[in-house]
1. Can you give the local net charge around TRP241? Use residues other than it whose beta-carbon is closer than 15 angstrom to its beta-carbon, Lys and Arg +1, Asp and Glu -1.
2. With a bin width of 10 angstrom, please list the P(r) values of segment 168-224 as percents of all Cα-Cα pairs, from the 0 bin to the one holding the largest distance.
3. Testing the spin-label approximation: label points 7 Å from Cα along Cα→Cβ at SER188 and ASP154. State their distance in nm.
4. Would you mind calculating the gained length between LEU197 and LYS147 on full extension (0.36 nm times residue separation, minus the Cα-Cα distance), in nm to one decimal?
5. Using the Kirkwood formula on the Cα atoms of segment 1-113, what hydrodynamic radius do you get, in angstrom to one decimal?
6. Could you give the angle, 0 to 90 degrees to the nearest 10, between helix 43-53's Cα long axis and the longest principal axis of the Cα atoms of the chain?
7. Structure shown: which of LYS25/LYS88; LYS30/LYS88; LYS11/LYS147 lie over 25 Å apart, alpha-carbon to alpha-carbon?
8. Summing -39500 (n - 2.57) over the DSSP H runs of n ≥ 4 in the chain and dividing by its residue number, what mean residue ellipticity at 222 nm do you reach, to the nearest 500 deg cm²/dmol?
Amino acid sequence: MKKFGLIEYPKKESLSYKVFNSYFKAANIKATYEDIVIEPSEFDNKIQNYIQNYDGLNITVPFKEVVIKYIDIIEDAKEINAVNCIYKNKGYNTDWKGFYYSLKFPLVEPILLIGAGGASKSIVYALYKKGVKEIYLTNRTKEKAEKLKKFFSDKIEIKVEPFENLKSIVRGSKTLINATSIGMFQESFYLDENDLLNLSLIYDIVYNHTPLQKTAQKLKINCLDGKSFWFYQAVENLKIWDIYNEEIFNNVFKKVVRGE
Ligand code: ATR
């Protein structure tokens with residue numbers, strides 16, 4: 001029996017647990033996928049044991065950076081300075097690929113990214129890989145936006161805008177990416193439908209069907225959600241772990257996540 005798992009703290013409702021276990025069953029792969037919760041104070045003691053004894057791991061908040069010192073990291077993970085997938089002692093970043101490959105609609109500029117946390121890092125890197133030269137970034141805590149700007153200063157120009165100006169910068173944008181958790185509990189941005197009319201794409205990385213996604217649908221604006229992001233990074237994980245079957249995984253995802 002092979003063992004896979006997601007290292008996290010605190011415990012969250014994870015799509016990974018649900019979908020990967022269903023996939024293993026459907027694909028007749030003898031494996032389990034666990035949610036592994038580690039207290040941050042215990043991380044240094046425990047992580048090596050998991051790296052040695054599991055056939056593949058995912059790493060999420062808040063461990064994507066601290067895990068780096070225990071493995072060899074490959075080029076793109078090094079450039080993002082975050083690892084979310086481990087196989088045979090090597091650390092990969094499949095988050096950015098999740099965003100990159102999920103972009104099935106044209107990426108029209110100007111692009112506005114809201115949020116400057118861990119997810120934003122992989123999104124900025126994916127945009128850079130798409131050939132984007134410049135983006136607008138806004139975040140509640142301005143210092144974090146400035147930090148992200150500095151981190152990627154040799155790759156892409158990031159124009160940091162005050163969070164209070166959200167309305168006007170959205171109005172001037174063609175692509176809006178929400179990389180904050182706003183909407184997870186049905187909260188809305190301080191935006192009216194009129195502010196969104198100019199947009200050609202809304203990418204909202206929240207898993208739930210948020211008010212922003214509902215408005216996008218109503219206004220017939222192309223919309224991508226956190227589940228698409230998750231799907232494509234999951235495909236990359238399965239490829240790295242050498243257990244990917246495209247047809248079966250597509251079917252499981254449609255059934256378990258999309259309810260189709
Ligand atoms: P993740 O790894 O999912 O990106 P994170 O690193 O905790 O998680 O980042 C969360 C992002 O959501 C941050 O940009 C955060 O803004 P701050 O940097 O100001 O904390 C943003 N965020 C969360 N709740 C928010 C809220 N109520 N209003 C505005 N921004 C919010």
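1. That works out to +2.
2. It works out to 26, 63, 11, in whole percents.
3. Computed distance between label sites SER188 and ASP154 equals 4.5 nm.
4. Values: separation 50, 0.36 × 50 = 18.00 nm, distance 3.08 nm.
That pair, LEU197 and LYS147, stretches by 14.9 nm at full extension.
5. Working: mean 1/r = 0.0656 Å⁻¹.
Kirkwood hydrodynamic radius for segment 1-113: 15.3 Å.
6. Between the helix axis and the principal axis of the chain, the angle is about 60 degrees.
7. On the way: LYS25/LYS88 23 Å; LYS30/LYS88 18 Å; LYS11/LYS147 28 Å.
Violating the 25 Å limit, Cα to Cα: LYS11/LYS147.
8. Values: 11 runs with 103 residues, N = 260.
The helix contribution divided over the chain gives -11500 deg cm²/dmol.
The values are calculated or read from the model by the stated rules, or taken from the named source; none is laboratory data. Not measured: the values here are computed from a predicted model. Glycine also receives a Cβ, built like all others from the backbone with ideal geometry; neighbour counts cover every protein chain displayed. Remember, those area values only see protein heavy atoms, side chains included, never the ligands or the DNA or RNA. Shrake-Rupley method; radii C 1.70, N 1.55, O 1.52, S 1.80 Å.
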